[in-house]
């Protein structure tokens, strides 16, 4: 990862080489503090403090309990100022910047200070036409491989036992992660009004937990698509173990190859990986494969307002990903004869899910470091904490969208059955 | 309404003057039948029959029980062929065309045959830039006056006793209209999580039923805006009668004049009258007037896909109106720092509501004719039946959208409380 100043705790004054005469250093420091002040103003003057390598502190000191940013050397400060969105992650991983105190709290304060509603900066506007808006099959394969094929043992360290890597549903906020992931799968089945003997196609099935849950608890036959070989290996083993291999078929192909007709279409946590310009095609595919009285559900991270992914996350965590706004999601349904029945925003449930993941991840950090290295731990910790802060601050949303074909009257009369105390999934349509 | 051929039942052969020699008449008839066949093909060949003035029938005779269209004379046929969307209503009102059998059923068959997803025809594309997309205050006033100021006695004949002129909510499909309108008002209050002592602003309050309901049953103070003088007169009388004049203020001004800060914003059945290009301004207004922890709900007719209002309805019933698609609705929320929490599509509830209205309207048609005239009865019957058929066929939707300010975490944890069996409105946020 190249040379970097590593440190624990606040740096000592004068640890970084500053060079030049005393007056030159003083001038240079004053200039840096001015620039740092400008940078903080440009992100809405978050009520946070910044500790510099020479022991000096700038920023809001009204709340001394708030976490503070520590910058290890002058070059790190200059890099951060040049491109805070991207460089923050890079400098954090290599320990040239750090956060004293709770990282999530720090990031939430930072995100909440950003001016809303957001307007695109000059750089964002200039780069917008260059952003990837399509993920053709080969690129989709590489993107998925990058994130999901880094090893099942890693994900086993901090996900629930069924390896459900999407927002859980905490009917009771105090539920365990295991309970809430089962709760989410069952909630989706209720929203889909699954009935025994029906057929379901799932686009992007992860480690297969939902497909297996649907077959086991709702008596349906499932064909589930995924590009990740590591995930499907686990899913197929689970199907055999549970004796469901005749009712759940796992297919290692791109969602674009889905064919046939199904009573239900479901996709949980895949749309984020579909390019915005590929939505129309996905919508047409759904229309083709949905039976006349079929039901569908798409579960996806989204945004209150269209915007691009954080550049560091896009580069290091989720290449090609983009959480859509609702109007962007509608380009999937509206031109394709689909009718939106129900949209639920589960943002706070994703924050709760991430609290569980982060705490398990932290508890397993020594093992993660053994599997990879310290930089990897720091990268993933920042990604999980940043996601948590984004859901808390409202920068990210979680949408569940239920739909049918346009004009289909075989739809639920109301939502009462979803919340029936017996939790029955046998809703009358 | 000018000269027209009035008739009851199917016309006799030869009632219309055709002129010319026998071969000329035969040729002319053959040409008309060809054109009529083309017109039917252009609307998707609905399984319907058409009876011409000379007693001949064309179209689909597979289902002899289906209602059929009767055309009284050659000129009516030519007019209908030239512009079916607009002329159907005009010719129907003046009885130059009629429907034998159930009008709603006829229209639903017609609407369902139309190709989906819709693509704009040449005429629609050419006219699109000319369509009204803004309703400035003076035009808004005229539009509202046209529909809502035609007399409270008229609306009393067929609405429920509280004069609620928007989609009801039938928790039980067999509920009466009265019960379902109260059910709708209470459902909205639950979605808004109203608590005693809070303040609410309502944009477009009709005859005031919801504003009075909120104050009476949920202990809030309401300021309610409406342009219609006739409606507000009734609303104010009701407030005095119920002793609520200190807690509900009815304001006869355009929604654009709303100021102040409120715990909740609600608008039921007004957005249809707001021009699409005025949405951004309305969204900014909502953002301004919503308290930091405020909640909002917009209830509006909409569409699965953007499209223009039927030209005859736009001219004769609802000038300036346009039911938006969800992505069009999002132009209200997304640029304005608002976060969509919940979208519910109540399309089938509007169909049920319209069944009640139409049956009451039919029962009161003699009284309506006394208040106005026979053409008025026919105009409104076609509008009500056409709306019912549109909701049944999926051409129209009914969206309830609940929202908060972006990043507000004082939002409902789940929807369970909305469906609690005790129907309590005291939800915990």
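Can you list, shortest first in nanometers, how far residue A:85 lies from the same residue in the other copies, with each label 7 Å from Cα toward Cβ?
Ordered by distance, the counterparts are at 4.0 nm.
Over the whole of A:165-172, what's the average partner chain Cβ count within 10 Å per residue? Rounded to a whole number, please.
Whole-number average of other-chain Cβ neighbours for A:165-172 is 1.
What order do you get for A:81, A:214, B:330 when you list them from fewest to most C-beta neighbours inside 10 Å?
Ranked by crowding around the Cβ, least crowded first: A:81, B:330, A:214.
Relative to the longest principal axis of chain B, what angle (0 to 90°, nearest 10) does the C-alpha long axis of helix B:229-241 take?
40
Could you work out the relative contact order of the range A:22-113? I mean the mean sequence separation of Cα pairs under 8 Å and 6+ apart, divided by the number of residues, in percent.
Across the range A:22-113, relative contact order equals 29 percent.
For the protein assembly as shown, what is the mean residue ellipticity at 222 nm derived from helices alone (per DSSP H run of n ≥ 4: -39500 (n - 2.57); sum divided by total residues; nearest 500 deg cm²/dmol)?
-13000 deg cm²/dmol
To the nearest 0.05, what FRET efficiency results for residue A:56 and residue A:315 with a Förster distance of 25 Å applied to their C-beta separation?
Here the calculated transfer efficiency is 0.20.
Would you mind computing, in nm to one decimal, how far apart the modelled labels at residue A:369 and residue A:291 are, each placed 7 Å from Cα along Cα→Cβ?
Reported label-point gap for residue A:369 and residue A:291 is 5.4 nm.
Rounded to the nearest 10 degrees, what's the angle between the helix B:103-113 long axis and the longest principal axis of chain B, both from Cα atoms, 0 to 90?
The angle comes out at about 90 degrees.
Averaged over peptide A:397-404, how many Cβ atoms belonging to another chain are found within 10 Å of each residue's Cβ?
Partner Cβ neighbours, averaged per residue: 2.
To test your reading of the geometry: what angle, between 0 and 90 degrees and rounded to tens, separates the Cα axis of helix A:137-148 from the longest principal axis of chain A?
70
If you build a Gaussian network model of chain B, linking Cα atoms that sit under 10 Å apart, which residue out of B:419, B:155, B:255 swings the most?
Among B:419, B:155, B:255, the largest mean-square fluctuation in the Gaussian network model of chain B belongs to B:419.
To the nearest 0.05, what FRET efficiency results for residue A:81 and residue B:139 with a Förster distance of 60 Å applied to their C-beta separation?
Computed FRET efficiency for residue A:81 and residue B:139 comes out at 0.70.
Which of A:179, A:245, A:370 moves the most in a Gaussian network model of chain A with Cα springs under 10 Å?
So, out of A:179, A:245, A:370, the one fluctuating most is A:370.
Report the paramagnetic label zone for residue B:277: residues of the range B:304-326 whose backbone N is under 19 Å from a point 7 Å from Cα along the Cα-to-Cβ axis.
The answer is B:306-309, B:319-325, whose backbone nitrogens lie closer than 19 Å to the label point.
What residue among B:55, B:208, B:302 has the largest mean-square fluctuation in a Gaussian network model of chain B, using Cα springs under 10 Å?
Comparing B:55, B:208, B:302 in the GNM, the peak value goes to B:55.
Place the label 7 angstrom along Cα→C-beta at residue A:280 and in each other copy, then list the distances from the first to the rest in nm, shortest first.
From this label point to the equivalent ones elsewhere in the assembly: 2.3 nm.
Measuring from a point 7 Å out along Cα→Cβ, what nm distances, shortest first, does residue A:240 have to its partners in the other copies?
Copy-to-copy label distances for residue A:240: 8.3 nm.
Return a whole-number percent for the relative contact order of chain A, with Cα pairs under 8 Å and 6 or more residues apart as the contact set.
16
Over the range A:137-419, what is the percentage of antiparallel beta bridges among all DSSP beta bridges, to the nearest 5?
Roughly 45 percent of the DSSP beta bridges within the range A:137-419 come out antiparallel.
Could you give the length gained on full extension between residue B:259 and residue B:376, defined as 0.36 nm per residue of separation minus the Cα-Cα distance, in nm?
Separation in residues times 0.36 nm, less the Cα-Cα distance, equals 38.2 nm.
Please report the antiparallel percentage of the DSSP beta bridges confined to the protein assembly as shown, to the nearest 5.
DSSP beta bridges in the protein assembly as shown are roughly 50 percent antiparallel.
Given R₀ = 30 Å, FRET efficiency for residue B:245-residue B:150 by Cβ-Cβ distance, to 0.05?
0.70
Please give the length that would be gained between residue A:100 and residue A:27 if that part of the chain were fully extended, namely 0.36 nm times their separation in residues minus their C-alpha to C-alpha distance (nm, one decimal).
Additional length available on full extension: 23.5 nm.
Tell me the Kirkwood radius of the protein assembly as shown: reciprocal of the mean inverse pair distance over distinct alpha-carbon atoms, in Å.
Final number for the Kirkwood radius of the protein assembly as shown is 30.1 Å.
Looking at the range B:22-113 only, what percent of DSSP beta bridges run antiparallel? Nearest 5 please.
Antiparallel: roughly 70 percent of the beta bridges in the range B:22-113.
Computed from the coordinates by the stated procedures, all read-outs in this text should not be read as laboratory data. Because the structure is a prediction, the values reported are computed rather than measured. In this analysis, Cβ positions are derived from the backbone assuming ideal geometry, glycine residues included, and neighbour counts consider all displayed protein chains.
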